[in-house]
Amino acid sequence: MWESLAEYYCVDWVALVLNAVAIYLLGKKRRSGWSLGVAANLVWIAFGVLAHSVATMVACSIFVALNIKGWLNWRSEEASNLAQQASGSEGAP
């Protein structure tokens, strides 16, 4: 069992830690969670290559795309909120 812990050069362990920290940061609504999530999934893709797991590579590629989509949606929503606040404060005394 102990031999298998580093079977893939600990790439899977690095990905696991990055993923856990990314989810924690996203739960705290920190932007860095998205970039760390993308990094984690890129490491998982590397693991998929090492493990010859096409499913892992495909799934993590989808997750990267979803992370990027989430980032863009959040930025768009944030810009819209700022514009509404700015227009609402113009008429205030």
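A few points about this structure:
- Some residue of segment 52-65 being among the aromatic types (F, W, Y), open to solvent by 50 Å² or more (accessible area, probe 1.4 Å) and in contact (Cβ under 8 Å) with a residue 40 or more places away in the chain: no
- Test result for L82, part of a helix (DSSP H, G or I), crowded, with 17+ Cβ neighbours inside 10 Å and not small (G, A, S): no
- Some residue of segment 25-34 being open to solvent by 50 Å² or more (accessible area, probe 1.4 Å), touching a residue at least 24 places away in the same chain (Cβ under 8 Å) and of a type in the set (K, R): yes
- Check on R30, at negative phi and part of a loop (DSSP other than H, G, I, E, B): yes
- Single match in S53, S80, S76 (criterion: of a type in the set (S, T, N, Q) and closer than 30 Å to Y9 by Cα): S53
- Residue in segment 1-15 that is open to solvent by 60 Å² or more (accessible area, probe 1.4 Å) and either within 13 Å of the chain's Cα centre (by Cα) or at pLDDT 95 or above (or both) present: yes
- Lone unmet requirement of (1) modelled with pLDDT under 85; (2) open to solvent by less than 50 Å² (accessible area, probe 1.4 Å) for I45: (1)
The values are calculated or read from the model by the stated rules, or taken from the named source; none is laboratory data. Predicted model only: the values in this text are computed from it and were never measured. Here Cβ is always computed from backbone atoms with ideal geometry, including for glycine, and neighbour counts include all displayed protein chains. Ligands, DNA and RNA are stripped out before the accessible areas are found, and what is left, the full protein with its side chains, is counted by its heavy atoms. Shrake-Rupley method; radii C 1.70, N 1.55, O 1.52, S 1.80 Å.
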